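Step one of this worksheet: look at the structure below.
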Amino acid sequence: MLATRQTITQYIPQRDPIVMIHNLVEVSDEHAVTQFAIDTDNIFVEDGYLAEPGLVENIAQTAAVHVGYQCQQKNIPVPIGYIAAVRELKIHALPKQNSTITTSIRIVNQVLELTIAQGKIEQDGQLLCSCEMRIFAKIQTN
């Protein structure tokens, strides 16, 4: 585990109650994999399920932790990113509260300050959600 619930905020700008990832499981230049345990008191839980905005935020934070981890490794400040667009969002099922989801992102293109990532959320081998996310972040090099 590269980061846990206790240390994940060193890589992302979000703070409770909006932290939507708990473990950084895997990371490389092109991808990241996270886990998120859905607590009953999560602000995106509705009627016992993690609602759609929570799924999108989870993918966005997985992309953020990817950048944050890379920046920490290079000793440069972790940038704040903004979702520029979400495309081809497909939600097949909502995960139940008190369960854990696994989210992965793969960087498909990066042009200047715009990153395009493919994201997907799975649970027990079942695809719950997928999308393309365009994220704007200015990374400080000095």
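Within the range 130-142, the set of residues being closer than 18 Å to Phe36 by Cα and out of contact with any Lys or Arg (no Cβ under 9 Å at 6 or more places or on another chain) is empty.
Residue check: Thr34 meets all listed conditions (1) at pLDDT below 95; (2) within 16 Å of Arg106 (Cβ to Cβ) but one, namely (1).
In the range 102-134, the qualifying residues are those that are modelled with pLDDT under 95 and in contact with a strand residue (DSSP E or B) (Cβ under 8 Å, 6 or more places away or on another chain), and the one that is surrounded by the most Cβ atoms within 10 Å (Cβ to Cβ) is Thr115. If the condition is being over 11 Å from the mean Cα position of the chain (by Cα), of a type in the set (Gly, Ala, Ser) and under 21 Å from Gln118 (Cβ atoms), then the range 1-39 contributes only Ser28.
In summary, Tyr49 fulfils each of the numbered conditions (1) open to solvent by 50 Å² or more (accessible area, probe 1.4 Å); (2) in contact with a strand residue (DSSP E or B) (Cβ under 8 Å, 6 or more places away or on another chain); (3) of a type outside the set (Val, Ile, Thr); (4) in contact (Cβ under 8 Å) with a residue 60 or more places away in the chain with the single exception of condition (4). The test for being within 13 Å of Ile135 (Cβ to Cβ), surrounded by 17 or more Cβ atoms within 10 Å (Cβ to Cβ) and in contact with a strand residue (DSSP E or B) (Cβ under 7 Å, 6 or more places away or on another chain) holds for Val56.
Of all residues in the range 70-129, exactly one satisfies the criterion of being touching a Leu at 6+ places or on another chain (Cβ under 7 Å) and over 21 Å from Gln35 (Cα atoms), namely Ala84. Kindly indicate whether any position in the range 1-17 is closer than 18 Å to Arg134 by Cα and either open to solvent by less than 30 Å² (accessible area, probe 1.4 Å) or at pLDDT 95 or above (or both). Yes: one or more hits. Of note, Ile43 does not satisfy the criterion of being of a type outside the set (D, E, K, R) and open to solvent by less than 90 Å² (accessible area, probe 1.4 Å).
The values are calculated or read from the model by the stated rules, or taken from the named source; none is laboratory data. The shown structure was predicted, so the numbers you read here are calculated from the model rather than taken from an experiment. Glycine also receives a Cβ, built like all others from the backbone with ideal geometry; neighbour counts cover every protein chain displayed. In case anyone asks, the SASA skips ligands and DNA or RNA and just uses the protein heavy atoms, side chains included. Shrake-Rupley method; radii C 1.70, N 1.55, O 1.52, S 1.80 Å.
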